[in-house]
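One structure is given below, encoded as structure tokens.
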Amino acid sequence: MTILQSNTEEIAIEELHQRGCTDGLPIVLPTLEKVKTMAQRVDIDLDMVIGIMGPREGAASIEKVAAAAVMAGCLPDHFPVLVAAVKAVCDKAFDLTEVNQTTHSLAPVILVNGPASVECGNINHSFGILGPGNRASACIGRALSLALINIGGRHPGTTDMAIYSSPTKFTACFAEDESGSPFDPYHVSKGYAHEDSTVTVIGAESPHSIILEPTSHGKGDAERLILCIAGAIANPGSNHIYRGGGGGVLVVLNPEHAEILSSAGFDRRRIQHAICEKSVMEQDLAFKYYAGLNHVQEKDSADNASQLHALNNPNQVMLVVAGGRGSYSMIMPTWAYAPHGNLPVTRKIDLFPSCPAY
Amino acid sequence: MSVSYIDPVAECLVQAKKYNLSISATAPITIGLVINKIPDCDIFMNLVQNVLTDCNPILTARKYYTETVTYADDKLIQRIFTECDAAICAIGHCGSCTAGTVKDAIALIEKGIPAVSLITDLFWSQSEMLTHSLGWPSAPRVRLPYPIWGTEPETMKNAARTAVMEAMVLLTQDRSSEN
């Protein structure tokens, strides 16, 4: 444990800014007392290393993760979610070094399912899930970002080469609206029990809005929504099309859109299949945009079934229900080039019920 | 009144190792050219191959392709180690491919063959940090101008000549006294 000293708290905070230990926004000083109080919320020793964060290969000890949580403004109740999120991004399948270093503008997005979404601070699942106003959402996402800076060594222009970066690199954490969804929750679809709490992380772009206003007769609304979502995924600037079908995509349906699909007979699996099937670009159009790419060939005039697929497998669609009710859903595409495919990684959240601080 | 606080910066647990590998400048050797899927990397490394064999006719340069823009898989690394005496890994031309190129070189160094990574200067400081964090701070790298992709043939040829000259110096440098 390295303890630093400064003449005043203001100077200490300024020193942290100067050293590049912050995201540029005001922070809470990680005093020993505050870090210990944070760490006491989980039943793990301070020096226990729960993961290694690239690109710096820094040791994510409970002490350092708790320091990030304090700096971000987390309450102790938020900490179990952060611990699980750190474990998830440190999983080899997340390709954290590559996600942190790519020139693409993606950031880890945290989805929370299960009782933890309430017990760990009422994480936002409704209006404004990716905006300001909810302390748990804002602070947990920010704590992960600060951990990536101070443990993983993510610094813009030297190790984080994102050309534009993204506001979601400051914070991106929300919960699924499980009670407002007509489908089983995301974590149940991945084999967890309803009563389990999980965190899922995916390296994704900022949200792309999808508008669909239902018609008065409602006929065809579900199919149109699928087409709108699929078309957004298969847009000309999309890495999914450019890559030739790789990468996961986070699709967030607002509860109203979810009801439209459910009423038309769509369940989760059918939605995933439909989006995967419809996320295509005609080959001749693709050739117009991408002539020269190996997987894009000029369409033979005799070839009448030539399409470029943005997705190869329905499992690439990470489907959740969240947000306020209305005309907009969103997609968050991924980079699609990560060695393990830019797919989501899920970890169980331990709420440490036997912990005295619970 | 002074305040104490926890340093939020984590330590890197990887121990730094000394790089002391080299090949003979006069023996017939095989150099593996590790080529990632960055646009024009293949074209560039063809030029590197030509320069290598033109300058040293007893040298064999063999091309290997990673399947991604990031790092090579273990099978490919093993194959290169088995078939080659040294390697030139290319190209660090974006954030993730720089990570991959450095990782490929270090994977081969850890197996015991000298390897150089080719990194464009926009991503040079990133590669510097990576060699440190992966435990090989003196793993050899060649700095190339950015961009390589999309440049005129003459520009690419000049970059290939620079790459070969500097890579061969680094690969053949006698480091036995550095222990």
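Nothing in this text is a laboratory measurement; each read-out follows from the coordinates by a stated rule. Keep in mind that this is a model prediction, so the values were computed, not measured. Methodologically, a virtual Cβ is constructed for each residue, glycine included, from the backbone with ideal geometry; neighbour enumeration extends over all protein chains shown.
Rounded to 0.05, the FRET efficiency of the B:Val14 and B:Asn158 pair, given R0 = 30 Å and the Cβ-Cβ distance, is 0.25. The Kirkwood hydrodynamic radius of the range A:126-242, based on inverse pair distances between different Cα atoms, is 17.4 Å. About its Cα centre, the dipole of chain A is roughly 200 debye, where the only charges are +1 on Lys and Arg Cβ and -1 on Asp and Glu Cβ. Counting only alpha carbon atoms, the long axis of helix A:9-18 and the longest principal axis of chain A meet at about 40°. Computed from Cα positions, the angle between helix A:221-233 and the longest principal axis of chain A comes to roughly 70 degrees. Between A:Gly54 and A:Thr97, the built amide H atoms are under 5 Å apart, and every one of these is 5 or more places off in sequence or on another chain. Of all alpha-carbon pairs in chain B, indicate the percentage at a distance above 29 angstrom. Every Cα pair in chain B considered, those over 29 Å come to 19 percent.
Each residue, A:Asn235 and A:Leu25, gets one label point 7 Å from its Cα in the Cβ direction; the gap between the two is 2.5 nm. Close amide H contacts of B:Ala61 (hydrogens built in the peptide plane, cut-off under 5 Å, sequence separation of 5 or more or a different chain): B:Ile31. Here's the picture: charge each Lys and Arg Cβ at +1 and each Asp and Glu Cβ at -1 in the protein assembly as shown, and of A:Ala93, A:Val70, B:Leu118 the one pushed furthest to the positive end of that dipole is B:Leu118. Taking amide H positions as modeled 1.01 Å from N, with prolines and chain starts lacking one, the residues under 5 Å from B:Ala115 and 5 or more places away or on another chain are B:Ala87. Only Lys, Arg, Asp and Glu carry charge here, each on its Cβ (+1 for the first two, -1 for the last two); on that basis the range A:208-333 has a dipole of about 280 debye about its Cα centre. On the basis of the beta-carbon distance and an R0 of 35 Å, B:Ser138 and A:Asn7 show a calculated FRET efficiency of 0.35.
Panel order for A:Leu227, A:Leu319, A:Leu253, A:Leu343, by other beta carbons found within 10 Å of each beta carbon, from fewest to most: A:Leu227, A:Leu343, A:Leu319, A:Leu253. With each label modelled as a point 7 angstrom along the Cα→C-beta vector, the A:His340-B:Arg79 pair spans 2.4 nm. Note on B:Val169 and A:Ile211: the model spin-label points, each 7 Å out from Cα along the C-beta direction, lie 6.0 nm apart. Helical runs (DSSP H, four residues minimum) scored at -39500 (n - 2.57) apiece and divided by the length of chain B put the mean residue ellipticity at 222 nm at -13000 deg cm²/dmol.
Please state the shape class of the protein assembly as shown: rounded when a/c is under 1.5, otherwise prolate if a/b exceeds b/c and oblate if not, all from the C-alpha gyration tensor. It is oblate, given that a/c is not under 1.5 and a/b is not larger than b/c.
Comparing mean-square fluctuations of A:Gln18, A:Gln101, A:Gln307 from a GNM of chain A with C-alpha springs under 10 Å, the top value falls on A:Gln18. For the segment B:66-72, counting C-beta atoms of other chains within 10 Å of every residue's C-beta and taking the mean gives 4. Here the Karplus curve 6.51 cos²θ - 1.76 cosθ + 1.60, taken at θ = phi - 60°, turns the phi angles of the range A:190-207 into couplings of 9, x, 8, 7, 3, 7, 6, 10, 9, 10, 10, 10, 9, x, 9, 6, 4, x Hz, with x standing for Gly and Pro. Provide the FRET efficiency to the nearest 0.05 for the A:Cys355-A:Asp184 pair, computing r from the beta carbons and using R0 = 35 Å. Rounded to the nearest 0.05, the efficiency is 0.75.
In whole angstrom, the range B:86-130 maps to an equivalent ellipsoid with semi-axes of 18, 9, 8, each derived as √(5λ) from the alpha carbon gyration tensor and ordered largest first. Helical content of chain A, expressed as a calculated mean residue ellipticity at 222 nm, amounts to -9000 deg cm²/dmol (DSSP H runs of 4 or more residues, -39,500 (n - 2.57) each, divided by residue number, nearest 500). Think of it this way: in chain A, A:Cys21, A:Cys90, A:Cys120, A:Cys173, A:Cys228, A:Cys276, A:Cys355 stand alone, with no other Cys Cβ under 4.7 Å. Taking every DSSP beta bridge that has both ends in chain A, the antiparallel portion is near 75%. The C-alpha atoms of chain B define a longest principal axis, and helix B:153-172 lies at about 70 degrees to it. List the residues of the range B:136-179 whose backbone N lies under 16 Å from a point placed 7 Å from the Cα of B:Asp40 along the Cα-to-Cβ direction. Residues passing the 16 Å test: B:144-163.
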